[in-house]
Every structure is written in structure tokens, then in C-alpha cells.
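Have a look at the structure below before the remarks.
The values are calculated or read from the model by the stated rules, or taken from the named source; none is laboratory data. Just so it is clear, the model here is predicted, and its values are computed rather than measured. When we count neighbours, we look across all protein chains shown, and the Cβ atoms used for this are built from the backbone with ideal geometry, even at glycine.
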Amino acid sequence: MKKFILLFVAVALIIIICIQFFRPNLKNPPVTQDFQAPEDVKAILVRSCYDCHSNQTNLRWFDQVQPVFWQVAAHVRDGRKVLNFSNWDKLAPADQKAKLWEAVNQIEQSAMPIKSYEMVHTSAKVSAQDLAVLKQYLNGMVHSMPNDTAKINARDQQLKAMPEALKTKVTESLNGITYIPDYKNWQVISTSDRFDNGTTRVIYGNDIAVKAVKEHHINPWPNGTIFAKAAWDKLEDKDGNVTTGAFKQVEYMIKDAQKYKATKGWGFARFKTPKLVPYGKTAMFTTECINCHKPMKNNDFVFTFPIKN
């Protein structure tokens with residue numbers, strides 16, 4: 001028995017040594033324009049995010065030991081695709097704000113930093129104080145504009161053009177998902193405000209989703225679950241009363257573990273403006289969607305937390 005254990009250990013060591021020579025290609029490309037922010041904000045993001053979300057990845061010796069390095073390299077590649085602070089100039093101002101909002105939102109929901117990374121890189125943990133600093137920075141970007149005339153005009157013009165828009169034949173999304181008009185009759189699962197871009201959102205769920213909520217069967221969500229997230233401009237008057245402005249888009253998430261296996265069991269589609277123009281240039285737009293949702297893998301890739309009764 002002792003000889004067998006020694007032989008097993010020897011073989012394992014040989015394998016570990018050999019795989020060190022098979023390494024993924026992971027380099028730090030040039031920084032085109034680094035993200036700029038107040039020193040305290042920048043320090044938190046560099047410490048907690050930059051290893052996976054920049055071209056300034058700082059690999060420690062233990063990150064480079066195989067087979068760990070394969071996973072590290074995959075995390076960095078995926079992280080840079082979703083958000084790269086080193087190519088900040090490639091994003092439009094509105095997209096920059098949206099990416100920051102998503103990042104802080106994921107930190108607040110404990111989806112980021114990834115727990116396996118945080119366990120080894122303990123300095124990456126974002127404290128409650130750190131989160132408050134980030135949220136204060138984001139709040140400083142928000143400028144409340146009661147009775148925003150631009151948004152009011154956009155809403156009025158959209159309403160005027162609505163009869164013509166309704167005549168438009170809705171095409172299916174590039175991955176074959178068709179627009180589902182009945183979502184307006186579904187039950188509201190949750191709501192959210194995107195203060196970064198001044199929109200308000202309502203998340204509807206079909207009967208299967210509602211039943212799953214009632215039975216506490218939401219992780220994973222059952223096959224057949226469909227969410228529809230509709231977004232409008234947020235209009236606010238001088239007294240703080242909020243109403244919806246122009247319709248922006250409706251997004252769908254459809255659960256089918258087999259059909260959408262490549263995107264973790266979820267089908268995605270988005271239809272923009274009252275003309276319901278399908279989002280994306282190719283069917284691969286779904287990769288963008290699931291990469292955004294990956295931090296929520298412990299919640300079946302769903303950001304929506306149902307409103308508790």
C-alpha cells in the first residue's frame with residue numbers, strides 16, 4: 001500500500017511539472033487611455049478590479065502555477081471583454097457611466113470580485129466603506145433635472161409617431177427569438193431604476209416564473225421561465241413625482257437548458273424603440289449578454305431578485 005501511495009505521488013508530481021510547460025497566452029496589451037477618477041475611487045478599482053478588467057494585470061507567483069493559470073487566464077480574457085479600464089476611450093460617455101453602474105451594482109450584490117479570486121487575493125475585498133466611496137462617486141455623476149424638456153419632447157414625439165410604429169412588422173432577433181407582445185399582461189416580478197442613464201425598468205414574469213417565485217424555485221429557474229424587462233425614460237416633476245417617458249426597449253430572458261446550452265441555459269433578445277428593432281449585428285450578440293450575467297452564476301445568471309410579499 002505504501003509503495004502504491006509513493007507511486008501515485010510521484011506520478012502526480014511528474015504530471016504537475018509537465019503541465020507547467022503548457023501555458024495559455026496571456027499578455028498585457030497597450031493601455032490606450034486609462035480610467036481617470038479621484039484617488040480614493042481609483043485605488044479601490046485598481047486593487048479590486050484591475051487584475052481581470054484592465055491591461056495591467058498583476059500576476060502573483062501562485063497565479064501562474066498550472067492548472068490554476070488556465071483558470072486565471074480565462075477569467076482575465078472574459079473580464080476584459082466585459083469591462084476594460086485600460087481602453088476607457090473606446091467607450092462613449094454614456095457607456096462609460098453604464099459600465100461603472102454595472103460594476104458597482106455587481107459589487108453591491110457580492111457578485112464581484114469573484115469569490116475564488118477574493119479568497120486568494122484578500123486585499124481585493126471591497127469593504128462597506130469602499131462601496132460607500134464608489135456609490136458616492138456615482139451619485140456625483142447624477143444630475144436630477146425635474147421637468148426635463150428634452151425627455152418630455154422625446155415622449156411626446158414618440159406618442160405622436162406611435163400609430164405608424166405599430167404598423168411596423170416586428171422581425172425576430174438574430175438568434176431566432178420573436179417579440180412577445182403578451183408580456184404586458186404578465187405579473188410584475190421586480191422593478192429597478194438606472195440612475196446612471198435616467199431610465200426606469202419593470203421586470204415582468206410569465207406564469208412559469210410567477211409559479212417558481214411562489215414555490216421558491218428560483219435557483220435554478222425552471223425551463224420555460226421568461227422574463228421581460230421593459231425600460232422607459234424616467235420623468236420627474238419638481239415635486240418628485242415620477243412617470244414614464246419615451247419607451248426605450250424590452251429585453252427577454254428565456255430559460256431552456258438544452259436549447260440555450262451555449263449561453264448557460266438562457267436565451268436572450270432585445271427589441272429597441274417602439275419600432276422594436278432587434279438588437280445586435282450578428283447572432284453572437286448573446287455572448288455579450290451572458291458575459292454580462294456571468295457574475296450572477298450563483299443566482300442562475302439572473303440579476304432580478306423577486307419582490308418579496
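Tell me, yes or no, whether the range 94-113 has at least one residue that is over 23 Å from G245 (Cβ atoms), among the charged types (D, E, K, R) and loosely packed, with under 12 Cβ neighbours inside 10 Å. Looking for residues that are over 23 Å from G245 (Cβ atoms), among the charged types (D, E, K, R) and loosely packed, with under 12 Cβ neighbours inside 10 Å, one finds none in the range 94-113, hence no.
Would you confirm, using the coordinates I've provided, whether T225 is among the β-branched types (V, I, T) and either farther than 21 Å from K294 by Cβ or outside the structural domain of A154 (by TED's automatic domain parsing) (or both)? For T225, the condition - among the β-branched types (V, I, T) and either farther than 21 Å from K294 by Cβ or outside the structural domain of A154 (by TED's automatic domain parsing) (or both) - is not met. Just one of the listed residues (K238, K234, K294, K281) is over 20 Å from V188 (Cβ atoms) and touching a Lys or Arg at 6+ places or on another chain (Cβ under 9 Å), namely K294. Of the conditions (1) within 21 Å of the chain's Cα centre (by Cα); (2) not assigned by TED's automatic domain parsing to the domain that holds D63, A132 satisfies every one except a single condition; which number is it? Of the numbered conditions (1) within 21 Å of the chain's Cα centre (by Cα); (2) not assigned by TED's automatic domain parsing to the domain that holds D63, the odd one out for A132 is (2). Looking at A269, A230, A262, A246, just one residue is assigned by TED's automatic domain parsing to the domain that holds N206, aliphatic (A, V, I, L, M) and farther than 21 Å from Y204 by Cβ, and that residue is A262.
Among the residues here, W70 does not qualify as under 13 Å from the mean Cα position of the chain (by Cα), touching a residue at least 24 places away in the same chain (Cβ under 8 Å) and surrounded by fewer than 19 Cβ atoms within 10 Å (Cβ to Cβ).
Note on the range 177-205: among residues that are aliphatic (A, V, I, L, M) and in contact with a Ser or Thr (Cβ under 7 Å, 6 or more places away or on another chain), the one that is nearest to T149 (Cα to Cα) is V202. Cβ separations smaller than 7 Å between residues 6+ apart or across chains give the following pairs from the range 102-113 residues that are more than 16 Å from G79 (Cα to Cα) to residues that are not in a loop (DSSP other than H, G, I, E, B): E108/L131. Somewhere in the range 185-193, is a residue over 16 Å from T304 (Cα atoms), of a type outside the set (A, V, I, L, M, F, W, C) and surrounded by 13 or more Cβ atoms within 10 Å (Cβ to Cβ)? No; the residues of the range 185-193 include none that is over 16 Å from T304 (Cα atoms), of a type outside the set (A, V, I, L, M, F, W, C) and surrounded by 13 or more Cβ atoms within 10 Å (Cβ to Cβ). Scanning the range 214-247 for residues that are more than 29 Å from N197 (Cα to Cα) and of a type in the set (G, A, S) turns up just one, G224. Would you check if D182 is part of a loop (DSSP other than H, G, I, E, B) and of a type in the set (D, E)? Taking the combined requirement at face value, the residue does not satisfy it. For T57, the requirement of being over 23 Å from L138 (Cα atoms), in contact with a strand residue (DSSP E or B) (Cβ under 6 Å, 6 or more places away or on another chain) and either crowded, with 17+ Cβ neighbours inside 10 Å or not aromatic (F, W, Y) (or both) is not met. The helices (runs of 4 or more DSSP H) found entirely in the range 33-117 that carry 1 or more residues being of a type in the set (K, R) and closer than 16 Å to H293 by Cα are 68-82, 93-108.
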